[in-house]
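Undergrad: Here it is: the structure, laid out below.
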Amino acid sequence: MKAVVVEQYDSTDNAELKEVERPEVSAGQVRVRIQAASVGFVDGLKVRGLYQTKDPLPFTPGSEFAGVVDEAATDVRGFAPGTPVMGMARSGALAEYIAVPAAALEVLPDGVAPEVGASFRANYLTSLYALSERAALREGENLLVLGAAGGVGIAAVQLGKLLGARVIAAASTEQKRQFATRFGADATVDYTRSDWRDELKTLTGGHGADVIFDPVVGDLALQAFRSIASRGRQLVIGFASGAIPALPFNLPLLKGGTLLGVDLAQIPRREPDAQSRVLSQLFTWLKEKKLNPVVGKVFAFEDFRDAFKTMQTRSALGKMVVRIG
């Protein structure tokens, strides 16, 4: 089978599409013939060896995928060959086949395309867990989404609307702000302007943001926290800016705001019940057609490097997807 192989931590230019052995199916596992896999910010860090944990070399990147069941171990039930599924793994998704524990898979709802399944779980699970379980976002509250045109940002825009919030999307270009508006944002701000906080104040009638969804951080995080409402909650999702700022401790005191961390990798281990609740709600919305997940640009398998480059230049709208099957 063909797979993307990383033999040294470096630029994605040095990753290659190679012939490798098809994975065998062990007890408790399911082998999936992959039709689509997504490329996210974390995947780019892993390829370059910049993530907080390193995959042993050589390895195949990619953690989210969708496809059809090829074979299931004899002790696995509910995943007959041909069943459409989507799943997550530590790595290995940028390949024609992957073998994973059955618990890593979900049956793909009817009518959901593989490209949607491959770009759905991480972004939407992170966003809904953050908004509902951590920030307890309430109907009518002001939700400020930073980096709103990215994969996890646009998920927060959509989910914030489903939860009944007034969503204000912050993005750096007109194209990105229009993108956020198309998927439900009630208003937008250009955070590259020096007066963007004044605009936010006007949009919220002087109240400020009740919840701030922040996958960017950097200096922007400090600016946003200064515009938080009393009893507001700022969610730290990731560090797309590449910088980790220090929050002056007088700000939470003066603003009456709270800083909350969200790490997708910790949810199943620390809060399995919360993960089950969130996934159940997401799949309900999917089946009821209330949620139409955003798919970014789709690339051919042989063009996987372009997917990484588009994501790394932050010109992406939504999450990048590689079509494999």
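The values are calculated or read from the model by the stated rules, or taken from the named source; none is laboratory data. Model, not experiment: these values are computed from the prediction. Neighbour counts run over all protein chains shown; Cβ positions are idealised from the backbone, glycine included. Heads up: the accessible areas ignore ligands, DNA and RNA and are worked out on the full protein's heavy atoms, side chains in. Shrake-Rupley method; radii C 1.70, N 1.55, O 1.52, S 1.80 Å.
Undergrad: Excluding V30 itself, what net charge comes from residues whose Cβ is under 10 Å from its Cβ, given Lys and Arg +1 and Asp and Glu -1?
TA: -1
Undergrad: Set the Förster distance to 25 Å, then compute FRET efficiency between R323 and E174 from the Cβ-Cβ distance, nearest 0.05.
TA: FRET efficiency, R323 to E174: 0.30.
Undergrad: Ordering R323, R231, R305 by how much accessible area each has at a 1.4 Å probe, largest first, what is the list?
TA: Heavy-atom accessible area, descending, gives R231, R323, R305.
Undergrad: Expressed in nm to one decimal, what extension gain is obtained for the pair D303 and M1 from 0.36 nm per residue of sequence separation less their Cα-Cα distance?
TA: So the chain would gain 107.0 nm between D303 and M1.
Undergrad: How would you order 5-11, 50-56, 63-69 from highest to lowest mean count of nearby Cβ atoms within 10 Å?
TA: 63-69, 5-11, 50-56
Undergrad: Using a simple spin-label model with points 7 Å from Cα along the Cα→Cβ vector, what separation in nm is obtained for D110 and L57?
TA: Label-label distance for D110 and L57, simple model: 4.9 nm.
Undergrad: Let me ask something else about it. Report the local net charge at R134: Lys and Arg +1, Asp and Glu -1, summed over other residues whose C-beta lies under 11 Å from its C-beta.
TA: After counting each charged neighbour, the total is -2.
Undergrad: Quick one: of K2/K290; K18/K297; K18/K54; K2/K287; K161/K287, which pairs are farther than 29 Å apart, Cα to Cα?
TA: The pairs that break the limit, which is 29 Å between Cα atoms, are K2/K290; K2/K287.
Undergrad: Can you report the principal axis dimensions of the range 208-325 using only the alpha carbons, biggest first, rounded to whole angstrom?
TA: Largest to smallest, the principal-axis extents are 54, 34, 28 Å.
Undergrad: Distance between Cα centroids, the range 160-239 to the range 272-309: provide it in whole Å.
TA: Taking the Cα centre of each part, the range 160-239 and the range 272-309 sit 22 Å apart.
Undergrad: Give, to the nearest whole percent, the P(r) tail of the chain beyond 26 angstrom, counting all Cα pairs.
TA: 47
Undergrad: Moving on to the next point. In whole Hz, what ³J(HN,Hα) sequence does the range 258-268 give by Karplus (6.51, -1.76, 1.60; θ = phi - 60°), x for Gly and Pro?
TA: Those phi angles translate into 10, 9, 10, x, 9, 10, 3, 5, 8, 4, x Hz.
Undergrad: Where the only charges are on Cβ atoms (+1 Lys, Arg; -1 Asp, Glu), what is the dipole of the chain about its Cα centre, to the nearest 20 debye?
TA: 800
Undergrad: Further question: Relative to the present Cα-Cα distance, how much length would full extension add between E24 and D263 at 0.36 nm per residue of separation?
TA: Contour length minus Cα-Cα distance gives 82.9 nm.
Undergrad: Here's another thing I want to ask about it. Of V189, I168, V152, whose Cα points farthest to the positive end of the dipole of the range 135-202 (charges on the beta-carbon: +1 Lys, Arg; -1 Asp, Glu; origin at the Cα centre)?
TA: Sorting the options by dipole projection puts first V152.
Undergrad: Where Rh is the Kirkwood radius over the Cα pairs of the range 144-215, the temperature 20 °C and the viscosity 1.002 mPa s, what D in µm²/s does Stokes-Einstein return?
TA: 183
Undergrad: May I ask for the net charge around E71, where only other residues with Cβ less than 12 Å from the Cβ of E71 are counted and Lys, Arg are +1 while Asp, Glu are -1?
TA: Net charge around E71: +1.
Undergrad: Can I ask one more? Just by accessible area at a 1.4 angstrom probe, what is the order of T313, T83 from largest to smallest?
TA: Final ranking, largest accessible area leading: T313, T83.
Undergrad: Please compute the length gained on full extension between L50 and T313, using 0.36 nm multiplied by the number of residues separating them and subtracting their Cα-Cα distance.
TA: Roughly 93.1 nm would be gained on extension.
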